[in-house]
Amino acid sequence: MRNLLLFFLFIPSICFAQSESVLKVREFRKSKEVEFIDTYRDFLSIPNVASDIDNIRRNASWIMNHMISKGIDHVQLLNPKTKDKPPAVYGEVNVPGAKETIIFYAHYDGQPVDSTKWQAGLHPFKPQLADGSLAKGAKIINWPSSIKTYDPEWRIYGRGTSDDKAGVFTIINAYAALKALNIQTPPTS
């Protein structure tokens, strides 16, 4: 019985232990939090309605520049053959000795939006900060001009904050964190 008891007491520490790499990435994110959110806010401010080709191209240019700034190689704008369709943004990270290819995809264009149907005080392309969930009675607050960290309960409201500018932004910055920390994944067979 004693061995069994010790075994069960030991399992939680194994299950909930976090790797050194995960902890390093979390610390990196915390140290860059204000920079990340300021940059994300700029990205969210660019209208991304798919039929608005001029602003779609602004989004694509922003994404390309962000990818380049984070050390992603061979960044290209791939224009479709069909006129007035959004271009794809492409980049590569070639890893010597890699045995597999991983592809990340996220879209940056959106459907038409009627800003008059948004909650009072909100606009699709003017990101707002709230002190929690507006659905639960939180209030819109001013963007802090000087801050070291954001309250984890705060929420950003704007078009694309989750679908799917968040995906684009997260993929690029996750790679940047791994690169900055020199964290490499092991090659697979």
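Okay, here's what the table says:
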quantity	calculated
Selected residue (only one of Tyr108, Tyr90 is in a loop (DSSP other than H, G, I, E, B) and touching a strand residue (DSSP E or B) at 6+ places or on another chain (Cβ under 8 Å))	Tyr108
Region 112-130, residues that are out of contact with any helix residue (DSSP H, G or I) (no Cβ under 9 Å at 6 or more places or on another chain), closer than 18 Å to Ile46 by Cβ and hydrophobic (A, V, I, L, M, F, W, C)	Val113, Trp118
Output for region 161-174, where each listed residue is open to solvent by less than 70 Å² (accessible area, probe 1.4 Å) and under 14 Å from His66 (Cβ atoms)	Lys165, Ala166, Gly167, Val168, Phe169, Ile171, Ile172, Asn173, Ala174
Checking Asp164 against (1) within 21 Å of Arg29 (Cβ to Cβ); (2) touching an Asp or Glu at 6+ places or on another chain (Cβ under 8 Å), the condition it does not meet	(2)
Complete set of residues in region 149-165 that are in contact (Cβ under 8 Å) with a residue 12 or more places away in the chain and not acidic (Asp, Glu)	Thr149, Tyr150, Trp154, Arg155, Ile156, Tyr157, Gly158, Arg159, Gly160, Thr161, Lys165
Every residue from region 15-69 that is touching a residue at least 40 places away in the same chain (Cβ under 8 Å), assigned to a loop (DSSP other than H, G, I, E, B), open to solvent by 40 Å² or more (accessible area, probe 1.4 Å) and over 24 Å from Trp143 (Cβ atoms)	Ser51
Among (1) closer than 20 Å to Glu33 by Cβ; (2) surrounded by 15 or more Cβ atoms within 10 Å (Cβ to Cβ); (3) not basic (Lys, Arg), the one test that Ser145 misses	(2)
Any hit, region 70-81, residues being at pLDDT below 95, open to solvent by 70 Å² or more (accessible area, probe 1.4 Å) and assigned to a loop (DSSP other than H, G, I, E, B)	yes
Residue match in region 123-137 (condition: surrounded by 12 or more Cβ atoms within 10 Å (Cβ to Cβ), over 18 Å from Ala176 (Cβ atoms) and under 16 Å from the mean Cα position of the chain (by Cα))	yes
Residues of region 121-139 satisfying the condition of being part of a strand (DSSP E or B) and either of a type in the set (Lys, Arg) or in contact (Cβ under 8 Å) with a residue 40 or more places away in the chain (or both)	Lys126
Hits in region 140-171 (condition: farther than 17 Å from Ile46 by Cα and part of a strand (DSSP E or B))	Ile140, Ile141, Arg155
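For every residue, the table says whether it meets (1) modelled with pLDDT of 95 or more; (2) surrounded by 15 or more Cβ atoms within 10 Å (Cβ to Cβ); (3) within 20 Å of the chain's Cα centre (by Cα).
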{"residue": "Tyr90", "(1), (2), (3)": "yes, no, yes"}
{"residue": "Gly97", "(1), (2), (3)": "no, no, no"}
{"residue": "Glu100", "(1), (2), (3)": "no, no, no"}
{"residue": "Ala106", "(1), (2), (3)": "no, yes, yes"}
{"residue": "Gln111", "(1), (2), (3)": "no, no, yes"}
{"residue": "Lys139", "(1), (2), (3)": "yes, no, no"}
{"residue": "Arg155", "(1), (2), (3)": "yes, yes, yes"}
{"residue": "Leu181", "(1), (2), (3)": "yes, no, yes"}
{"residue": "Pro186", "(1), (2), (3)": "no, no, no"}
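The values are calculated or read from the model by the stated rules, or taken from the named source; none is laboratory data. Every value quoted in this text rests on a predicted model; they were computed, and no experiment measured them. As a convention, Cβ positions derive from the backbone with ideal geometry for all residues, glycine included, and neighbour counts pool all protein chains shown. Remember, those area values only see protein heavy atoms, side chains included, never the ligands or the DNA or RNA. Shrake-Rupley method; radii C 1.70, N 1.55, O 1.52, S 1.80 Å.
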